[in-house]
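Q: Right, I'll just put the structure down here and ask away after.
The values are calculated or read from the model by the stated rules, or taken from the named source; none is laboratory data. Just so you know, these numbers come straight off a predicted model, no measurement behind them. Glycine gets a Cβ as well: all are built from the backbone with ideal geometry, and neighbour counts include every protein chain shown.
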Amino acid sequence: MDKYELFFKNGEYQKIVDELEFSINPQEIWLVVDAYVQLNQLDKAIRTIENNRELLLKDDAKKTMFLNIDLLLLTNDFVRALTAYSYYEELPYISIEIEEFLPELKKYIYQKISNKTSKMSDDEIINNLKNFDHRDLFLKSIYEVQKRDIKPFLPFLKDALKSEKIDNTIKSLILVLLVEKKVEDEVKVNKNGCEYTLIPRFLDPIITTKEIETIVYRHIKDKDVSILNLVNQLMVDFALKIYPDNFLEESEEEYLMAFYILAYEMFNKDVRSIEAMIKEKKLNIQTIRGLKTLIENTIKNL
């Protein structure tokens, strides 16, 4: 038994985190994850898995997928659990075992969500959708509607899209739901003080995490996996908040550099190397810094 296993056995979980937080050894990373779980710091356990996802997938793909998603479900973060599943589903072929495991994992996710929502009657869901003050119940009701005929709930979802009491993330999730259900009714959406009308049936689906990852790796060559993972997560968050707008329809590379600088700053790293790269690419640094501010404000405020 090495000293870290002894730390764990003796309940000295913080020592494990302090000494192994930046390890690139898969077994030590798993120990850090377990230590965070014992410390009831599930968000940090999740971040540790996602920051080291490539290493952990090579070590034990099934364990990585399950623990990542199970911890998200334990924190009731259904959006990220489904997003993580989409990421794993779109990975290149790993093994027969994983191909057989993925449908079971999807079933597990929906069962966990269902356990929290499936006791709701249609009337209860409607009451929750009419009550904008209880965000968790509102979100759970959206997930429950995914499994039902949307027609009884559509008028209340339309009202939510117009309400200033509903934040833009939830409005985006409603739109994602209406697009999935191929709703052909016109709906009005109030975002950022502007109201516009659209038909969900004709909207493009929201960009996937795999598409975002592909774009990131096309433009950013950084050896620090934590930075790349943070760029990916920031882009996923931003894409959800502004949907149905698609920021990548504009200047893809300038947006990527803005996310890159933001990730560096969040890790308190020197951004001069990125600014030099931006000059080499003949991109406008002022434009990129303006986009970074826009991204920060959008993620923080909406």
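Q: Scan the range 28-39 and tell me whether some residue there is of a type in the set (Phe, Trp, Tyr) and either assigned by TED's automatic domain parsing to the domain that holds residue 174 or at pLDDT below 90 (or both). Quick ask: steps written out before the conclusion?
A: Within the range 28-39, the subset of a type in the set (Phe, Trp, Tyr) is 30, 36.
Filter once more, so that each one left must be either assigned by TED's automatic domain parsing to the domain that holds residue 174 or at pLDDT below 90 (or both): none.
No; the residues of the range 28-39 include none that is of a type in the set (Phe, Trp, Tyr) and either assigned by TED's automatic domain parsing to the domain that holds residue 174 or at pLDDT below 90 (or both).
Q: So, residue 182, is that one under 19 Å from residue 290 (Cα atoms) and at pLDDT 85 or above or not? Can you show your working first?
A: On the way: under 19 Å from residue 290 (Cα atoms): no; at pLDDT 85 or above: yes.
No: the conditions fail for residue 182.
Q: Quick check: anything in the range 147-159 at pLDDT below 90, over 18 Å from the mean Cα position of the chain (by Cα) and not aliphatic (A, V, I, L, M)? Write out each step before concluding.
A: Residues of the range 147-159 at pLDDT below 90: 147-148.
Those still in the list that are over 18 Å from the mean Cα position of the chain (by Cα) too: 147-148.
Now restrict to residues that are not aliphatic (A, V, I, L, M): 147-148.
Yes: one or more hits.
Q: Of these, 108, 143, 93, which one is within 22 Å of the chain's Cα centre (by Cα) and modelled with pLDDT under 85?
A: Only one candidate passes the filter, namely 143.
Q: Out of all the residues in the range 293-302, which are exposed (fewer than 13 other Cβ atoms within 10 Å of the Cβ) and among the charged types (D, E, K, R)?
A: Kept after step one, since they are exposed (fewer than 13 other Cβ atoms within 10 Å of the Cβ), are these residues of the range 293-302: 293, 297, 300-301.
Once the filter is applied, which keeps residues that are exposed (fewer than 13 other Cβ atoms within 10 Å of the Cβ) and among the charged types (D, E, K, R), the range 293-302 yields only 300.
Q: Another question, then. Every residue in the range 45-58 that is crowded, with 17+ Cβ neighbours inside 10 Å and either aliphatic (A, V, I, L, M) or part of a helix (DSSP H, G or I) (or both), please. Steps first, please.
A: Filtering the range 45-58 for residues crowded, with 17+ Cβ neighbours inside 10 Å gives 45-53, 56-57.
Answer for the range 45-58, where residues must be crowded, with 17+ Cβ neighbours inside 10 Å and either aliphatic (A, V, I, L, M) or part of a helix (DSSP H, G or I) (or both): 45, 46, 47, 48, 49, 50, 51, 53, 56, 57.
Q: May I pose another question? Please specify each residue of the range 263-302 satisfying the condition of being within 22 Å of the chain's Cα centre (by Cα) and polar (S, T, N, Q). Give the derivation first.
A: Quick first cut of the range 263-302, residues within 22 Å of the chain's Cα centre (by Cα) only: 263-267, 291-302.
Across the range 263-302, the qualifying residues are 293, 297, 298, 301.
Q: Would you say residue 1 is among the aliphatic types (A, V, I, L, M), modelled with pLDDT of 90 or more and out of contact with any Cys (no Cβ under 8 Å at 6 or more places or on another chain)? Lay out the reasoning, then the answer.
A: Working: among the aliphatic types (A, V, I, L, M): yes; modelled with pLDDT of 90 or more: no; out of contact with any Cys (no Cβ under 8 Å at 6 or more places or on another chain): yes.
No; evaluated as a whole, the condition is false for this residue.
Q: Would you call residue 175 modelled with pLDDT of 90 or more, crowded, with 17+ Cβ neighbours inside 10 Å, in contact with a Phe, Trp or Tyr (Cβ under 7 Å, 6 or more places away or on another chain) and closer than 29 Å to residue 64 by Cα? Full working, then the answer.
A: Numbers: modelled with pLDDT of 90 or more: yes; crowded, with 17+ Cβ neighbours inside 10 Å: yes; in contact with a Phe, Trp or Tyr (Cβ under 7 Å, 6 or more places away or on another chain): yes; closer than 29 Å to residue 64 by Cα: no.
Taking the combined requirement at face value, the residue does not satisfy it.
Q: Select from the range 252-274 the residues that are touching a residue at least 24 places away in the same chain (Cβ under 8 Å) and not charged (D, E, K, R) and list them in ascending order.
A: The answer is 255, 256, 257, 258, 259, 260, 261, 262, 263, 264, 266, 267.
Q: Are any residues in the range 71-107 closer than 23 Å to residue 23 by Cα and surrounded by fewer than 17 Cβ atoms within 10 Å (Cβ to Cβ), and if so, which ones?
A: The answer is none; no residue qualifies.
Q: Take the residues in the range 5-33 that are in contact with a helix residue (DSSP H, G or I) (Cβ under 7 Å, 6 or more places away or on another chain) and charged (D, E, K, R); name whichever of them is nearest to residue 63 (Cα to Cα). Explain how you work it out, then say what you get.
A: Keep residues of the range 5-33 that are in contact with a helix residue (DSSP H, G or I) (Cβ under 7 Å, 6 or more places away or on another chain), which gives 7-8, 13, 15-17, 20-21, 23-24, 26, 28-29, 31-33.
Checking which are charged (D, E, K, R) leaves us with 15, 21, 28.
Details: 15: 24, 21: 19, 28: 14 Å.
The residue in question is 28.
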